[in-house]
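Please treat every number below as a calculation from the coordinates, not as lab data. As the structure is a prediction and not an experimental result, all values here were calculated from the model. Note: ideal-geometry Cβ built from the backbone for every residue, glycine included; neighbour counts use all protein chains shown.
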Amino acid sequence: MQHRIDLRKLPPLKSLKGFEAATRHQSIRAAADELCLTHPAISHQVQLIEEALGIALFAQEGRRIVSTEEGRVLYPYVRAAFESLIEGVEAAHRHATDKPLRVQAYVTASIRWLAPRAPGFLKAHPHLRITLNTCAPDWEFDDVHADVGLVYCETPPPPKYHWTPLFEYSLTPVCTPQRAVLLGARPEPADLARQPLILIHSERLNWETWFESAGVPFTPTTPYVLVDTLAVALELALAGEAIALVNGPFVDRELASGQLVRPVSHTAVCPGAWGLICRAELKDSPRIRDFLDWMSADLPPSMSAPRDGPRLRPL
């Protein structure tokens with residue numbers, strides 16, 4: 001049995017927020033602005049701690065404050081305590097079973113791969129709810145705001161993550177049958193350079209990679225179209241405006257229906273894979289395990305990705 005914590009040794013806990021911010025900024029006013037409090041309120045918080053501990057935490061130097069030696073000694077302990085509390089709160093949230101399962105995915109992967117599978121998953125697991133985030137603050141898997149991610153990993157994730165590869169990151173040109181006719185009866189990769197191509201802002205090198213893998217220099221002779229997501233690129237391709245470069249199994253329905261075709265057979269397989277990612281300690285959580293198993297089940301052999309694959313890139 002753990003021993004009782006003597007809380008009498010602590011100063012007023014609420015005041016520690018003001019001390020932490022004032023120390024970090026070395027400014028009472030900046031701490032007040034950050035915490036949306038008044039200047040006197042922060043000064044009062046610091047005074048309460050100083051009175052409780054019987055030490056001075058700041059000294060006045062002209063119009064600014066500086067930490068005393070005692071303040072510098074105390075600060076890292078307060079900072080570490082706050083960080084530990086935040087980590088504990090986040091861990092509790094991650095393990096909660098009655099919360100929605102938070103899924104992070106890129107726009108096109110959400111629309112063209114995850115969305116068609118989500119209804120079946122929810123029907124099979126009616127006790128679960130899903131929130132889908134396609135607006136992560138950066139390209140990395142955000143394990144603070146997401147429980148699991150559908151992402152592209154170019155290199156193996158660090159050990160703190162569990163990684164389930166799904167399918168290769170392969171580059172394949174697609175266009176409408178009408179535009180494919182413009183390439184002639186037996187088109188070669190070099191013929192694509194004479195057609196309007198669609199470049200994705202975050203993946204500008206993909207066309208260069210594809211041409212290079214085909215042994216052809218990337219020398220387009222027609223102005224290209226620059227877009228921000230593959231979802232937009234595919235809409236332009238479906239409209240017959242240009243040729244898009246797909247980086248995963250995101251046009252299977254359009255290829256099966258004949259709306260889109262592969263104008264040439266060459267495909268460039270890149271390092272890494274598309275897959276599902278979560279924190280390692282959560283992989284056996286029932287709701288996350290259910291999601292991982294459902295989304296990775298019944299993949300056609302051509303879609304499976306045995307390789308590990310985060311530098312994450314957006315779609």
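Details
- Exposure proxy order (Cβ contacts within 10 Å, fewest to most) of V251, V227: V227, V251
- Beta bridge orientation in the chain: antiparallel %, DSSP, nearest 5: 70
- Distance between the pseudo-spin-label points of A239 and H125 (7 Å out from Cα toward the beta carbon): 3.7 nm.
- Extension gain (nm, one decimal) between V73 and W294, 0.36 nm per residue minus Cα-Cα: 74.4 nm
- Residue order, fewest to most beta carbons within 10 Å, for I28, I200, I130: I130, I28, I200
- Cut-off 18 Å, label 7 Å out along Cα→Cβ of A59, residues of the stretch 1-35 by amide N: 23-24, 26-28
- Note, ³J(HN,Hα) from phi for the stretch 141-156, Karplus 6.51, -1.76, 1.60, rounded to Hz, x at Gly and Pro: 5, 9, 6, 7, 10, 9, 8, 8, x, 9, 9, 9, 10, 7, 10, x
- Across the options L276, T219, T155, the greatest Cα extent toward the positive end of the charge dipole of the chain (unit charges at beta carbon of Lys, Arg, Asp, Glu) belongs to L276.
- Pairs of lysines in the chain whose Cα atoms sit within less than 26 Å of one another amount to 6, provided the residues are eight or more positions apart or on different chains.
- Spin-label pair L226-H44: with each label point 7 Å from Cα along the Cα-Cβ axis, the two points sit 5.4 nm from one another.
- Magnitude of the charge dipole, the chain, Cβ model with Lys/Arg +1 and Asp/Glu -1, debye to 20: 460
- Straightening the chain between V107 and N133 buys 8.5 nm, computed as 0.36 nm per residue apart minus the Cα-Cα spacing.
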